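Structure, as structure tokens:
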Amino acid sequence: GQGNVNLDDILSQIFSGGFRNFSDGTNFGGFNSRSGFDFFEGGFNTRQNLDINAQITIPFTTAILGGLHNVNVQNQSYDIKIPAGVKNGETIRLRGKGSTMGGQSGDLLLKVSVAPHPEYIQEGDNLTKRIEIPLKTALFGGKIEIETLRKTITLKVPKNTKNSQRFRVKELGAFNRKSKTYGDLYLEANVILPDCDSLPKELQESLEKYL
């Protein structure tokens, strides 16, 4: 209201030049992840976070061996490829599957939770499985077939195997994606004792006397 006043000059003094170059589309300043704004030299421009975060639970076997797993996020269904060796707490990124705005798309970030398995315990890259061994095999030795996650193996059981004795099978554990190596599988013996009442009377008496 005072005549020849340049609005750009006033705004430049107030905002240190923050609005001078808005008309030419110049983008300067950095994104502040906490506030969700692009800060300029005195001015600001809102910027939407287009990423979507979700949590998924995958089967133990899929985490060890890898494979396809279907997930539903915000009424969208995806068949995602799970790499072998995924562990609890890791995040899988699906690029371009997040929210869309102004011709831009964010990513879908899936935090992985691995479901427990009734037969296996995982410690790092190693797996442990408890196996049943008949008393006769534990006492006198023998061979038993064991189903593992990858294949069926034949375990040679030595004489006088003790309860909870462990047998190591190399490279049948989890895959380590960083080192490109496999952990080991440990088989823990659970010696099965027969029902004493099912044994012949003479054998019961002999065992009781000897033991």
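Checked against the criteria, residue 132 counts as acidic (Asp, Glu), surrounded by fewer than 16 Cβ atoms within 10 Å (Cβ to Cβ) and either part of a strand (DSSP E or B) or in contact (Cβ under 8 Å) with a residue 24 or more places away in the chain (or both).
Can you name the residue in the range 83-120 that is of a type in the set (D, E, K, R) and in a loop (DSSP other than H, G, I, E, B) and, of all such residues, is nearest to the chain's Cα centre (by Cα)? The selected residue is 87.
Scanning the range 69-82 for residues that are assigned to a strand (DSSP E or B), of a type outside the set (D, E, K, R) and loosely packed, with under 10 Cβ neighbours inside 10 Å returns 70, 77.
The numbers here are math on the coordinates, done by the rules we state, and not lab data. Since we're looking at a predicted model, the values are computed, not measured. Positions of Cβ are generated from backbone atoms using ideal geometry, with glycine treated the same way; all protein chains shown enter the neighbour counts.
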